[in-house]
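Below: one structure, written as structure tokens.
Each reported figure results from applying straightforward, stated rules to the coordinates on display, with no laboratory input. Remember, it's a predicted structure, so these values are computed and weren't measured experimentally. Neighbour counts run over all protein chains shown; Cβ positions are idealised from the backbone, glycine included.
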Amino acid sequence: MAFLEVEDISLAFGGIMAVSRVSLSVERGRICAVIGPNGAGKTSLLNCISGFYRPQKGRIMFDGQNLVGRRPDQIARLGIARTFQNVELFAHMTVIDNLLLGRHNHFHKGFFHDILFGYRAEEETVHRRKVEEVIDFLEMEKWRKHLVANLPYGVQKRVELGRALAQAPNLLLLDEPMAGMNLEETEDIARFILDIHQELGTTIIMIEHDMDVVMDISQNICVLNFGEKIAEGAPAEVQSNSAVQTAYLGENYESVLKQTA
């Protein structure tokens, strides 16, 4: 069995089918991109994996355990962390404090218990050391004590990646990590994702609209359209798939390609 096995899941909201009988296999230590037009069901798929949504049909197996029916905090404790399409940070806390929140699953007494009754010095030292390692890894030293609200958008996206990384995940879910970034910021995040994959050995599932980045760093690509999977495979296979071209460019994609050539 693959490290993550999504098996024939379906998710509907009333009469709207967000995800329809989607299956996906992700091997340990791989980067898998999930792509598709807006409204294709990409974020809904990630929400099912991370426990924010519960599919009505199918199952999701992670390292031999079924995730369906588990709460998001329980799934996080199994070693799955994620970022969000929109920045979901505590704006009036520092970078360090936001990253410490990413360590909450590793606090023996619980993060809020320690806030109320005080940290045990040894445990606090361990968690702060881990956070400082993430700050160094993502090159955020100069912002470490800044309030998140005062940081540029691109840096905030990096902090959110850092908070997920602070959980020391085995599987990292990234929902449009480069959305709204300029070219330099995009290149930085792409480099960090490769570093996380290569140096830490983390398995990554990434939703991303920047096709240049997707084709450059992904090893496997799953394509959704109107909630259904229409293609899966290596970047070159997906790029040449006529169903994918039609989904992105419409029925007259061949004439569109000729006009842009």
| task | Along Cα→Cβ, 7 Å out, is where each label goes; now give me the distance between the ones at Y153 and A2 in nm to one decimal. | result | 3.3
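What number do you get for the range 1-95 when its Cα radius of gyration is normalised by 2.2 N^0.38 Å, N = residues?
Cα-based Rg divided by the globular estimate yields 1.14.
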| query | Between E199 and N66, what length in nm is gained on full extension when 0.36 nm per residue of separation is reduced by their alpha carbon distance? | reply | 45.1 nm
| note | DSSP beta bridges in the chain: the antiparallel percent, rounded to 5, is 55
| field | Which label in [x] 19.2, 67; [y] 21.5, 70; [z] 17.4, 50 gives the computed Rg and Dmax of the Cα atoms in Å | value | [x]
| request: Compute the length gained on full extension between Q219 and Q85: take 0.36 nm times their separation in residues and subtract their Cα-Cα distance, giving the result in nm to one decimal. | output: 46.1 nm
| said: Please compute the modelled spin-label separation between R191 and E139, points set 7 Å along Cα→Cβ, answer in nm with one decimal. | reply: 0.3
| remark: Under the Karplus relation with 6.51, -1.76 and 1.60 and θ = phi - 60°, whole-Hz ³J(HN,Hα) for the range 172-189, x at Gly and Pro, equal 10, 9, 10, 9, 6, x, 10, 4, x, 9, 7, 4, 5, 5, 4, 5, 5, 5
| request: Please give the contour-minus-distance gain from S10 to S23: 0.36 nm per residue of separation, less the Cα-Cα distance, rounded to one decimal in nm. | output: 3.7 nm
| Highest-first arrangement of 206-213, 10-17, 65-72, where packing means the average Cβ count within 10 Å | 206-213, 65-72, 10-17
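In debye to the nearest 20, how big a dipole does the chain give about its Cα centre with +1 on each Lys and Arg Cβ and -1 on each Asp and Glu Cβ?
The calculation lands at about 960 debye.
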